[in-house]
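K.L.:
Here's a structure for you.
The values are calculated or read from the model by the stated rules, or taken from the named source; none is laboratory data. Since this is a predicted model, take the numbers as computed values, not measurements. Positions of Cβ are backbone-derived with ideal geometry, glycine not excepted, and every protein chain shown enters the neighbour counts.
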Amino acid sequence: MTTSVLRKPETAESDDVSFVDRIAKLSRSELTPIASAIDDGTIYPEQALRNLGAAGAWSAHTDLRDTIAGIAAIGETCGATAFMAWCQNTLVWYIVNSPNAALKARFAKNASSGALLGGTGLSNPMKSFFGIEQLKLKGRKVDGGYLVRGALPWVSNLGPHHMFGTIFELEAGETSAGDKVMFLANCADPNVTLTPCKPFLAMDGTGTYAVQFRDAFIPDDQILAAPAMPFVKNIRAGFIMMQNGMALGLIRDCVAIMQGVRPSLEHVNCYIPQQPEDFSALLDGLEAETMELAATPYESSNSYWRRVIELRLRAGEVSVAAANAAMLHCGARGYLRSHRAQRRLREAYFVAIVTPATKQLRKMLADNAREHSGEQSRA
Ligand SMILES: Cc1cc2nc3c(=O)[nH]c(=O)nc-3n(C[C@H](O)[C@H](O)[C@H](O)COP(=O)(O)OP(=O)(O)OC[C@H]3O[C@@H](n4cnc5c(N)ncnc54)[C@H](O)[C@@H]3O)c2cc1C
């Protein structure tokens, strides 16, 4: 495992073991025995998420490179839990970056320790900002907060007492109609309903629900940012780059899978054009660029933003390619339900379809190139 760029964030546990090694060790001991049950959807690993929190996995936001390395370490064992790690880390990322001091005082400590679990409902807003669909949540101002209505089709890492960050649009007729507000939704609110989703191809143990808001009251100390858009611009690169952690862990394990069958199958696997060394090299490149970009997550230049999008696109594509190659290297043994190669393939597709999905990333790059064509030709 590459640990060169990693520093140790402050945690409850202080010892000489590096942060990432501690997370990796905990992931192996807690998640290896239950990874296929999480994959089947029979377990939502709440206790493991809380234990990872106690080990510092959700409190590494002073340096996003640590957060990403932690997600990657988890993803080496279980892609679904790496996704939940991303969800939890985005929740913390929103809170620690919020200008709302009352919100931070109420939620920062518990979210970063794992006492409060939750995630993010930004897929719909992220798609709406890039002209793919309309915002699904609407709100209106009332005394001391807002009333929110509407529904989101999928939000993960949820449960009866979890919270997540999302965005509503002020209804027509409001003084600042059209403005967007980012807030923390509370699943314990009786006017917020969670409905289990139909079974997925993978990720069934991720606590994913459709969420309906029926005039749910959102108090002012649950407002992450109003207006939302300057805040979104600030957190969006971090939001996307933390997803690369899911890819890095998954690709690393695909390389290990390919290497694992080499002793018995090298004589025939050598004819497969993609070898583990090819993916190791791609992994090193992805990791190095992720860590370079994650060192400055608030950078606002367009060239930086384009690099973030291009890298995220590559992370999804290499994930699918690596998992596909792992399947081909394993042959029939990887086709067994009990083998993790087929789980990796299903998890890899999720890296490529979770928002921003491959198709959205390509649209974002095309739109961006059009918008900045003048600048590029002047450069
Ligand atoms: C397992 C899983 C977990 C997810 N977790 C989260 C999360 O935590 N937070 C979050 O914000 N998003 C979550 N999503 C949504 C995800 O990030 C993507 O937005 C989603 O997969 C669709 O993206 P797309 O680019 O394919 O959308 P598009 O193809 O561009 O559009 C899809 C749109 O079509 C509609 N649609 C299509 N199929 C269905 C269906 N079966 N049921 C309902 N509506 C449908 C919806 O309006 C949806 O937004 C999750 C999705 C999955 C599969």
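K.L.:
Can you tell me which residues in region 156-172 are under 25 Å from the mean Cα position of the chain (by Cα) and either away from the ligand (no atom under 16 Å from the Cβ) or in a strand (DSSP E or B) (or both)?
P.N.:
Hits for region 156-172 are Pro160, His161, Met163, Phe164, Gly165, Thr166, Ile167, Phe168, Glu169.
K.L.:
Can you tell me which residue is surrounded by the fewest Cβ atoms within 10 Å (Cβ to Cβ) among those in region 208-227 that are part of a helix (DSSP H, G or I) and out of contact with any helix residue (DSSP H, G or I) (no Cβ under 6 Å at 6 or more places or on another chain)?
P.N.:
Asp220
K.L.:
Determine which single condition Asn110 fails, assuming it passes every other condition in (1) modelled with pLDDT under 95; (2) within 25 Å of Thr62 (Cα to Cα); (3) not hydrophobic (A, V, I, L, M, F, W, C).
P.N.:
(1)
K.L.:
Name, by its number, the condition in (1) of a type in the set (Ser, Thr, Tyr); (2) under 19 Å from Val232 (Cα atoms); (3) not in a loop (DSSP other than H, G, I, E, B) that does not hold for Ser300.
P.N.:
The failed condition is (3).
K.L.:
Same structure again: Only one of these conditions is not met by Val96: (1) farther than 25 Å from Ala315 by Cβ; (2) surrounded by fewer than 23 Cβ atoms within 10 Å (Cβ to Cβ). Which number is it?
P.N.:
(1)
K.L.:
What do you reckon, is Ala101 closer than 26 Å to Ala80 by Cβ, modelled with pLDDT of 95 or more and away from the ligand (no atom under 15 Å from the Cβ)?
P.N.:
When the stated conditions are applied, Ala101 does not pass them.
K.L.:
Turning to a different aspect of this structure: Looking at region 198-206, can you tell me whether even one residue there is under 26 Å from Thr42 (Cα atoms), of a type in the set (Lys, Arg) and either in contact with a helix residue (DSSP H, G or I) (Cβ under 8 Å, 6 or more places away or on another chain) or exposed (fewer than 14 other Cβ atoms within 10 Å of the Cβ) (or both)?
P.N.:
Looking through region 198-206, at least one residue is under 26 Å from Thr42 (Cα atoms), of a type in the set (Lys, Arg) and either in contact with a helix residue (DSSP H, G or I) (Cβ under 8 Å, 6 or more places away or on another chain) or exposed (fewer than 14 other Cβ atoms within 10 Å of the Cβ) (or both).
K.L.:
Kindly indicate which of Ser319, Ser338 is modelled with pLDDT under 95 and either small (Gly, Ala, Ser) or within 28 Å of Gly131 (Cβ to Cβ) (or both).
P.N.:
Of the residues listed, the single one that is modelled with pLDDT under 95 and either small (Gly, Ala, Ser) or within 28 Å of Gly131 (Cβ to Cβ) (or both) is Ser338.
K.L.:
Just the residues that are surrounded by 13 or more Cβ atoms within 10 Å (Cβ to Cβ) and in contact (Cβ under 8 Å) with a residue 60 or more places away in the chain, please, taken from region 360-374.
P.N.:
Gln360, Lys363, Met364, Asn368, His372
K.L.:
Would you check if there is a residue in region 121-144 being within 14 Å of the ligand (Cβ to nearest atom) and of a type in the set (Lys, Arg)?
P.N.:
yes
K.L.:
Taking Thr62 as the residue in question, decide whether it is within 24 Å of Ala323 (Cβ to Cβ) and outside the structural domain of Thr166 (by TED's automatic domain parsing).
P.N.:
no
K.L.:
What pairs come up if the first residue lies in region 279-291 and is touching a residue at least 24 places away in the same chain (Cβ under 8 Å), the second is buried (at least 16 other Cβ atoms within 10 Å of the Cβ) and not in a helix (DSSP H, G or I), and their beta carbons are under 7 Å apart, counting only those six or more places apart or on different chains?
P.N.:
If the second residue must be buried (at least 16 other Cβ atoms within 10 Å of the Cβ) and not in a helix (DSSP H, G or I), the pairs left are Met291/Val5.
K.L.:
While we're looking at this one, here's another question. How do the strands (runs of 3 or more DSSP E) wholly within region 104-155 filter down when requiring 1 or more residues that are within 21 Å of the chain's Cα centre (by Cα): which remain?
P.N.:
By residue number, 118-120, 145-155.
K.L.:
Go through the residues of region 173-195 one by one and say whether even a single one is away from the ligand (no atom under 15 Å from the Cβ), farther than 30 Å from Arg312 by Cβ, touching a strand residue (DSSP E or B) at 6+ places or on another chain (Cβ under 6 Å) and in a helix (DSSP H, G or I).
P.N.:
no
K.L.:
Which residue, of Leu152, Leu147, is surrounded by 18 or more Cβ atoms within 10 Å (Cβ to Cβ) and touching an Asp or Glu at 6+ places or on another chain (Cβ under 7 Å)?
P.N.:
Just one listed residue meets the conditions, Leu147.
K.L.:
Next question. Given the options Ala325, Ala321, name the one that is buried (at least 22 other Cβ atoms within 10 Å of the Cβ) and in a helix (DSSP H, G or I).
P.N.:
Ala325
K.L.:
Name the residues in region 64-98 that are under 19 Å from Ser27 (Cβ atoms), more than 16 Å from the ligand (Cβ to nearest atom) and outside any helix (DSSP H, G or I), would you?
P.N.:
Glu76, Thr77
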